[in-house]
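Chemist: Before we start, here is the structure in question, set down as structure tokens.
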Amino acid sequence: MTSSLSKDALVAVVGAGAMGAGIAQVAAVAGHRVLLLDNRPGAAQTAIDGLRAQLDKLAAKGKLTAEAAQAAAQRLQAATQLSDLSAAALVIEAIVESLSAKQTLFADLEALVSTDCLFGSNTSSISITAIGSALKHPQRLAGLHFFNPAPVMALVEIVSGLATDAAVADTLFATATAWGKTAVHAKSTPGFIVNRVARPYYAEALRLRTEGAADCATLDAVMRESGGFRMGPFELMDMIGLDVNFAVTRSVWNAYFNDPRYLPSLIQQDLVDAGFLGKKSGRGYYDYREGAEKPQPQTEPRHTAPARLVVCGEAPAAQALAARLQAAGVAFERAASIDGRIAEADDAVLFVTDGRSATQRAAEGGIANTVLIDLALDYNKATRVALAHAGQCSESAFAAACAALQACGAQVSRLADVPGLAVMRSVAMLANEAADAVYQGVCTARAADDAMRLGVNYPKGPLAWADQVGLASIQQVLTHLNACYGEDRYRISPLIQRQVYQGKNIHG
């Protein structure tokens, strides 16, 4: 088993911005003496002063003992020039996202430090192989990608370039683990794990908005209150900064030679061109200026309870509906499901979306009053569900379907009749992207799930979520999306197909 760096080892961090300072704090709290360097005069000392104040606050809140906070503060020291780092056992760069700047820094460091010194780059998107190409000994370099804020976020991606020595990656993995982080190994491919696998969360939301599925507030509410995501895609992009999010999307798209799976959105480009960059500019998908009214999600008015309510079959959505109706004291019947339906409410027949539009499903199934329900992380707990109805469906039938779900305590949002709805479509595409990363040897299935839970706070790893839904169901959704749009964007990962053919889930 590979050992972590000794606590006696000197750690140097280059770049005293938010990420560099955060990494310095993590290393110091873990017991290392840390040198922090920045090319802006006084920036490193200013950052250390801020870190010491932060450590005092952590001690005051009981998150660190006073002794531990004081010891960590004493281990932090500002460096004034690159030669001060000559004794470092590990140098982590957290400078500007520029390939040439990173290559120059590491080449200069290589002339100063010992041959045993390890190099870690905190880059979120630049190829580790490309950075290492400027070194005489590129085997000592690996990606050491923390997430912001580094002291809080649990994930660290350990990224190996073509020349990275496996022992170096293993040492950095063990070191990050010793620092209290969850480390995952990744191959140096565009976006690594998180920035690659996360693309569909934004891309599918933007396509839904383009297709008029619903407004931003409604789509965000559905993803939070039904999907269980901490933030909806539009509010998250506003927080990240539309320019930053758009740049990452373009970078991944370009790096994969314009693969349509990563195609940027014209909606986002227009907002960036207009200078509407999200919270930092006062306006993005939402208006944050003083006096601006916060938009509310579309929520169906209360509808009259259906005269006839039948819960059909034993699918998770049907079981949850029955349990919630029973808890609410609402009378209903039980019946078998002959065609995948989960409920009947007066003339409405409810199905969980399978990737087809409600209109297509109504035509193919011969049921005009077809109503589709979106996926939920947990149908027993979802406080909001999204519904869409076929073009052939009567308003009275749709109202009855809404009333059935309202009776069990959920708010209902109506989406336009788009294939796959919102949560199901997003989860299927996230799982598909994660499966391709595993299939292509970028990471393991466990690493993909850990990365998305810990790096971007997803409620469940996308592959574990696909297993929960049923991998065959995910394949079916993707098949229908592919057939509807006729785009390579929705091609199915060979890993998903192979596991379905074997009757296995991703995780076995």
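The values are calculated or read from the model by the stated rules, or taken from the named source; none is laboratory data. This one's a predicted model, so the numbers in the text were calculated from it and none came from an experiment. Neighbour counts run over all protein chains shown; Cβ positions are idealised from the backbone, glycine included.
Chemist: Could you check region 285-343 and list, in sequence order, the residues that are closer than 30 Å to LEU242 by Cα and over 31 Å from the mean Cα position of the chain (by Cα)? Outline the logic, then answer.
Modeler: Residues of region 285-343 that are closer than 30 Å to LEU242 by Cα, as a first pass: 285-299.
GLY291 - this is the single residue of region 285-343 that is closer than 30 Å to LEU242 by Cα and over 31 Å from the mean Cα position of the chain (by Cα).
Chemist: Moving to a separate point now. Only one of ARG250, ARG230 is of a type in the set (D, E, K, R), outside any helix (DSSP H, G or I) and surrounded by fewer than 18 Cβ atoms within 10 Å (Cβ to Cβ); which?
Modeler: Numbers: ARG250 fails: outside any helix (DSSP H, G or I).
When all the criteria are applied, what remains is ARG230.
Chemist: Related question: Of all the residues that make up region 1-51, how many are basic (Lys, Arg) and either free of Cβ contacts under 8 Å to residues at least 24 places away in the same chain or crowded, with 24+ Cβ neighbours inside 10 Å (or both)? Let's see the steps before the verdict.
Modeler: Residues of region 1-51 that are basic (Lys, Arg), as a first pass: 7, 33, 40.
Filter once more, keeping what is either free of Cβ contacts under 8 Å to residues at least 24 places away in the same chain or crowded, with 24+ Cβ neighbours inside 10 Å (or both): none.
Adding up the residues that qualify gives 0.
Chemist: Something else now. Does region 417-441 hold any residues that are without any contact (Cβ under 8 Å) to a residue 60 or more places away in the chain and either farther than 13 Å from ARG261 by Cα or buried (at least 24 other Cβ atoms within 10 Å of the Cβ) (or both), and which are they?
Modeler: TYR439 - this is the single residue of region 417-441 that is without any contact (Cβ under 8 Å) to a residue 60 or more places away in the chain and either farther than 13 Å from ARG261 by Cα or buried (at least 24 other Cβ atoms within 10 Å of the Cβ) (or both).
Chemist: Ok, one more. Just need a number here: residues in region 117-159 that are touching a residue at least 40 places away in the same chain (Cβ under 8 Å) and among the small types (Gly, Ala, Ser).
Modeler: Residues flagged as touching a residue at least 40 places away in the same chain (Cβ under 8 Å) and among the small types (Gly, Ala, Ser) within region 117-159 amount to 7.
Chemist: Follow-up question, since we're still on this one. Could you please find all residues in region 310-331 being in contact with a strand residue (DSSP E or B) (Cβ under 8 Å, 6 or more places away or on another chain), within 13 Å of ALA407 (Cβ to Cβ), in a helix (DSSP H, G or I) and free of Cβ contacts under 8 Å to residues at least 40 places away in the same chain?
Modeler: Hit for region 310-331 is ALA322, nothing else.
Chemist: Follow-up question, since we're still on this one. Name, by its number, the condition in (1) of a type in the set (Gly, Ala, Ser); (2) surrounded by 13 or more Cβ atoms within 10 Å (Cβ to Cβ); (3) under 12 Å from ALA16 (Cβ atoms) that does not hold for ALA72.
Modeler: It fails just one condition, (3).
Chemist: Check off (1) in contact with a Phe, Trp or Tyr (Cβ under 9 Å, 6 or more places away or on another chain); (2) in a helix (DSSP H, G or I); (3) assigned by TED's automatic domain parsing to the domain that holds ALA400 for ILE267 and give me the number that stays unchecked.
Modeler: Among (1) in contact with a Phe, Trp or Tyr (Cβ under 9 Å, 6 or more places away or on another chain); (2) in a helix (DSSP H, G or I); (3) assigned by TED's automatic domain parsing to the domain that holds ALA400, the lone unmet condition for ILE267 is (3).
Chemist: Take region 205-224 and flag every residue that is of a type in the set (Asp, Glu) and either surrounded by 23 or more Cβ atoms within 10 Å (Cβ to Cβ) or in contact with a Pro (Cβ under 6 Å, 6 or more places away or on another chain) (or both). Spell out how you get there, then give the answer.
Modeler: Of all residues in region 205-224, those of a type in the set (Asp, Glu) come to 211, 215, 220.
Selection gives ASP220 alone.
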